[in-house]
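Report on the following structure.
The values are calculated or read from the model by the stated rules, or taken from the named source; none is laboratory data. Keep in mind the model is a prediction, meaning the values are calculated, not measured. For neighbour counting, all protein chains shown are included, and Cβ atoms are generated from backbone atoms with ideal geometry for every residue, glycine included.
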Ligand code: BGC
């Protein structure tokens, strides 16, 4: 038996990470047993055991919350021992977690520079002895980077993370012991506006979103032979002007390292915003380095770097000599007619400018990011070389958990594109897009993509932070969910929220996390999101009319009004569907948590909506009055169709009538799921417009916002709103896991304690194989055609059971183990088609 993946609050060895109460989880593999009979958790502080659960059959490997009284700024270690049902036993190695400030008062004070320019706050100090251990606790707004003796305090970027700063500010803790030395030392905190003070969100006025000035608070605790030394922010700190002249997440940065520096004494300032709390965000890091594919000369004579694929992050390049020379890089996603284009960025300038000071330096931006494949180079001269540039891909650093490979190259490309769009838009916040003047945590996009997201990457902590932020927003809005989270109230008028399918993120995401991760403590933290939203909806006497709705966003079912973005599915219909769905998910969550009163109330609401929907939107014969593909999909998916088979036929007919899919953001995620296996495969494999493979065929390397973001000639089809990196339609990948490979998490055994295994093989694709690192361990599912046979195999991890249904109709429960099945194909199937 082997025990691995020791996590606290779903993070490996977190340092200074909240929330206060730790939830422990682990994975068992290589055991003769199939499940855990009991486990024992021990927590230590300074080698002394502060908690020993003894062997307890109730300890849950998917999430065990212990009632520990934790001290601030303290390191704990822990181990878990597991006994299998056959008596085998193992103990894990030791893992640690370390608390941050918890609720402790800060010794550091908020400080800022007395300057209108971008500045660096700094402090020089002496350490008498050789430092043995040091921890730096800090935060700063808008964005900060901290250097200790000229070296980065951490490999994380875009700190302190992006969240609802008017409600709380995340503080980080870093181990900086290795960077300090006896004698003189220096701390520097570089600041720029980020989303707090810089340009952000929709209101055009130059008003700041969260905070009128850049500021920081820090305290460094150094332990050495002479005891503890604390260096905290106060008015003994100094400021100097930064080499960064301008910084904006949308427009990019201008650097002038040779500029004249002014400086002065830092001043204490009011805590600008919400209270400081220990971070919840998983780290944002450079997760990949890429070299350009080529350097192009365009028909217009432009010099353009091609990174080979759409990416999110920035470029680094060396600079030498040329005092007074100005280098400019502009970032874009697409060449139009072979030339550089920023036509889809709206007002975002997406540029980087470097004013050379004659010295050898490395140029790279600090506080912005770009969504780009191409970079237009200006001022670099003839001698510029592609190999001088390195692309840094930036993302929340989440563990890859899922992959699907098939025998179809287009599907594999689609899958990779979706993953790339997820990485590029999971930048502390699940954003809609990474390139134009938006980059916001749109709730609807996150909601429809959450299921796919949780298959691909371990998103428990990532969405945990997003939902904590959402709850903060809901608390200030009587349960209503803003269109975007975090919601920059001062700059986002008109987006206060409540939109159907968008606000429902408050119920759908917690449910999705429960299904994927089975962590009861996480669900308990998020039940308030669910109930607050459900109650807000219940209080609306006319929900369709009270707020701005986006409906089945960007659907294609209004061909007569091509400029209309809200699809044809009636808002009133959608409101009843989602009111029912969210209430039902809330009722289920409350029931799991033993909140029977809350559960009863929510299921009553759900029933009321269902009755009303069936009365208003279906005929006595079972016909649906809202005749769109999305309406059928949602009615089926949400269990709202009085006559399911009838609506399935209607969906099939609607598809045949238009000859293609027409669904938008709300219908697309479940479209394939609700079609017959044959219709689903046929649709997935289509390459003509509109389809998922259409964009793959046109060379897409990320998922487009619209089915037709580009024309066949590769030009933007409509420049107003056309991101080439928008994950919503990538939600189709859930079907790859759930249906194609047949691995579907079941609510009766969340966290893959129980899952259905019912693959839908299709001969045109030849084989499909999926690996999924679930909270129980790794599931592998594979099918392939070999001669006249279909071979299927499955690995069920420890502590998990598969409810298998094979394409030939065989059924059964499979406990942990490895399985292989062979099906002789009937003659008529040998020439193609779906064998499910
Ligand atoms: C965003 C979307 C979002 C939508 C809401 C757009 O500007 O990019 O993805 O969900 O607005 O209507």
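Has segment 541-552 got at least one residue that is on the phi > 0 side of the Ramachandran plot and within 16 Å of the ligand (Cβ to nearest atom)?
Checked segment 541-552: at least one residue is on the phi > 0 side of the Ramachandran plot and within 16 Å of the ligand (Cβ to nearest atom).
Out of 737, 729, report the one residue that is surrounded by 18 or more Cβ atoms within 10 Å (Cβ to Cβ), under 27 Å from residue 340 (Cβ atoms) and touching a helix residue (DSSP H, G or I) at 6+ places or on another chain (Cβ under 8 Å).
729
Restricting to segment 354-389, count the residues that are in contact (Cβ under 8 Å) with a residue 40 or more places away in the chain and farther than 22 Å from residue 334 by Cβ.
Going through segment 354-389 one residue at a time, the tally reaches 17.
Residues 537, 566, 592: which one is more than 16 Å from the ligand (Cβ to nearest atom) and surrounded by fewer than 19 Cβ atoms within 10 Å (Cβ to Cβ)?
It is 592.
Go through segment 557-575 residue by residue and tally those that are touching a residue at least 60 places away in the same chain (Cβ under 8 Å) and within 27 Å of the chain's Cα centre (by Cα).
Going through segment 557-575 one residue at a time, the tally reaches 4.
Of the residues 103, 161, 140, which is at pLDDT below 95, under 28 Å from the mean Cα position of the chain (by Cα) and closer than 24 Å to residue 276 by Cα?
103
Kindly indicate the residue of segment 419-447 that is within 15 Å of the ligand (Cβ to nearest atom), assigned to a helix (DSSP H, G or I) and within 12 Å of the chain's Cα centre (by Cα) and also farthest from residue 670 (Cα to Cα) among those meeting that condition.
424
Looking at the structure I just gave you, is residue 400 in contact with a strand residue (DSSP E or B) (Cβ under 9 Å, 6 or more places away or on another chain) and within 25 Å of residue 317 (Cβ to Cβ)?
Spelling it out, it is not the case that residue 400 is in contact with a strand residue (DSSP E or B) (Cβ under 9 Å, 6 or more places away or on another chain) and within 25 Å of residue 317 (Cβ to Cβ).
Given the criterion under 20 Å from residue 417 (Cβ atoms) and at pLDDT 95 or above, identify the matching residue among 723, 717.
723 is the lone residue from the list that is under 20 Å from residue 417 (Cβ atoms) and at pLDDT 95 or above.
Which numbered condition trips up residue 412, out of (1) in a helix (DSSP H, G or I); (2) touching a residue at least 40 places away in the same chain (Cβ under 8 Å); (3) away from the ligand (no atom under 15 Å from the Cβ)?
Condition not satisfied by residue 412: (2).
Determine, yes or no, whether residue 228 is surrounded by fewer than 19 Cβ atoms within 10 Å (Cβ to Cβ), modelled with pLDDT of 95 or more and over 20 Å from residue 365 (Cβ atoms).
When the stated conditions are applied, residue 228 passes them.
May I ask you to say which residue of 294, 320, 281 is surrounded by fewer than 16 Cβ atoms within 10 Å (Cβ to Cβ) and in contact with a helix residue (DSSP H, G or I) (Cβ under 7 Å, 6 or more places away or on another chain)?
None of the others qualify; the one that does is 294.
Can you give me the number of residues within segment 487-529 that are under 28 Å from residue 200 (Cα atoms) and modelled with pLDDT of 95 or more?
15
Looking only at segment 26-43, decide whether some residue is over 27 Å from residue 155 (Cβ atoms) and at pLDDT below 95.
Scanning segment 26-43 turns up no residue that is over 27 Å from residue 155 (Cβ atoms) and at pLDDT below 95.
Applying the selection to segment 454-484, what residues are under 24 Å from residue 702 (Cβ atoms) and either within 10 Å of the ligand (Cβ to nearest atom) or without any contact (Cβ under 8 Å) to a residue 60 or more places away in the chain (or both)?
Correct list: 457, 463, 466, 483, 484.
What is the number of the single condition among (1) in a loop (DSSP other than H, G, I, E, B); (2) more than 15 Å from the ligand (Cβ to nearest atom) that residue 494 does not meet?
(2)
Any residue that is in contact (Cβ under 8 Å) with a residue 60 or more places away in the chain and away from the ligand (no atom under 16 Å from the Cβ) - is there at least one of those in segment 501-509?
Yes: segment 501-509 contains one or more residues that are in contact (Cβ under 8 Å) with a residue 60 or more places away in the chain and away from the ligand (no atom under 16 Å from the Cβ).
Filter segment 36-64 for residues that are buried (at least 19 other Cβ atoms within 10 Å of the Cβ) and within 21 Å of residue 802 (Cβ to Cβ); which is nearest to the chain's Cα centre (by Cα)?
62
May I ask you to verify whether residue 554 is in contact (Cβ under 8 Å) with a residue 12 or more places away in the chain, closer than 22 Å to residue 450 by Cα and not in a loop (DSSP other than H, G, I, E, B)?
It is false that residue 554 is in contact (Cβ under 8 Å) with a residue 12 or more places away in the chain, closer than 22 Å to residue 450 by Cα and not in a loop (DSSP other than H, G, I, E, B).
Yes or no: residue 685 under 30 Å from residue 806 (Cα atoms), in contact (Cβ under 8 Å) with a residue 40 or more places away in the chain and more than 12 Å from the ligand (Cβ to nearest atom)?
Against the criterion (under 30 Å from residue 806 (Cα atoms), in contact (Cβ under 8 Å) with a residue 40 or more places away in the chain and more than 12 Å from the ligand (Cβ to nearest atom)), residue 685 qualifies.
For residue 376, work out the one condition from (1) closer than 30 Å to residue 162 by Cα; (2) modelled with pLDDT of 95 or more; (3) out of contact with any strand residue (DSSP E or B) (no Cβ under 9 Å at 6 or more places or on another chain) it doesn't fulfil.
Against the list (1) closer than 30 Å to residue 162 by Cα; (2) modelled with pLDDT of 95 or more; (3) out of contact with any strand residue (DSSP E or B) (no Cβ under 9 Å at 6 or more places or on another chain), residue 376 comes up short only on (3).
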